[in-house]
Amino acid sequence: YPLPFPCNGNFFLYFLFFSIVSLINLYSQVHTEVFYSDGSVLECNNKREVLDKHLKVTGGKVYTRFPPEPNGYLHIGHAKAMFVDFGLAKRGGGCYLRYDDTNPEAEKKEYINHIEEIVNWMGWEPFKITYTSDYFQELYDLAVELIRRGHAYVDHQNAKDIEEYRKMKTNSPWRDRLIEESLRLFDE
């Protein structure tokens, strides 16, 4: 196969990437059961009512998503993710190609084109192409609703403090702040 992007002198890595991808495509029969060496099988813990509701909504079809960030070229880990995401959906359903375009400084149309070329080159067809940025207002509205219901709050801890509080299994000092205050801070 011709390479749909520049090698930049790393031909061996790209050759390895596409050799592995070719092998994966060769064995594209996806198995959803997980069998362990001790003979046990991974089982679903959903209750019958939950499964019935799910089947009613989905018609039994599986929908997945492949969410690359359009800020660079794909690598071998993406090939594995595509195999799982598109492979599961191939059993009746679809796979969304959802660009996680939340970092505009690093994103380029060049990378979006590259991602779509590779997805097509590997033989996958997205059910639908979407962009996270298309849903920013909806995500914002949902965050506001979570705060209104008391299920979220504005937290001023840094990553280190959050980690320490988690280790101590202690709530954030901001967790019990007034909902109105969190709404005001979130909106600023």
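Computed from the coordinates by the stated procedures, all read-outs in this text should not be read as laboratory data. Everything quoted here is computed from the prediction, not taken from an experiment. Neighbour counts are summed over all protein chains in view; Cβ atoms, including those assigned to glycine, are modelled from backbone coordinates with ideal geometry.
A few remarks follow.
- Loop sites in region 84-171: trypsin sites (Lys or Arg not before Pro), DSSP, at most 13 other Cβ within 10 Å: Arg91, Lys108, Arg149, Lys169
- Only one residue of Leu185, Leu142, His156 has its Cα farthest out toward the positive end of the dipole of region 138-187, where Lys and Arg carry +1 and Asp and Glu -1 on Cβ, and that residue is His156.
- Footprinting exposure proxy for Ile118, Ile76 (fewest neighbouring C-beta atoms within 10 Å first): Ile76, Ile118
- Overall form of region 72-188 per C-alpha gyration tensor (a/c, 1.5; a/b vs b/c): prolate
- Long-range amide H partners of Gln157 with built H, under 5 Å: none
- Here the Karplus relation 6.51 cos²θ - 1.76 cosθ + 1.60, evaluated at θ = phi - 60°, turns the backbone of region 157-174 into coupling constants of 6, 8, 4, 5, 5, 4, 4, 4, 4, 5, 4, 7, 6, 10, 5, 4, x, 8 Hz, with x for every Gly and Pro.
- Close amide H partners of Tyr63, meaning residues 5 or more places away or on another chain with modelled amide H under 5 Å apart, are Gly94.
- Here's the list of lysines a cross-link from Lys109 could span, going by alpha-carbon distance under 26 Å and ignoring same-chain residues fewer than 8 apart: Lys80, Lys128.
- Based on the convex hull around the alpha carbon atoms, region 138-187 presents an average projected area of 3.6 nm².
- In this structure, the amide hydrogen of Tyr131, modeled 1.01 Å from its nitrogen in the peptide plane, lies closer than 5 angstrom to those of Tyr99, counting only residues at least 5 positions away or on a different chain.
- Per DSSP, loop chymotrypsin sites (Phe, Trp or Tyr not before Pro) in region 60-123 with at most 16 further Cβ within 10 Å: Tyr73
- Karplus (6.51, -1.76, 1.60) ³J(HN,Hα), θ = phi - 60°, over region 69-80, in Hz, Gly and Pro reported as x: 8, x, 10, x, 7, 5, 10, 4, x, 5, 4, 4
- In order along region 132-144, the Karplus-derived 3J(HN,Hα) couplings, from 6.51 cos²θ - 1.76 cosθ + 1.60 at θ = phi - 60°, round to 4, 4, 5, 10, 4, 5, 4, 5, 4, 4, 5, 4, 4 Hz, and Gly and Pro are given as x.
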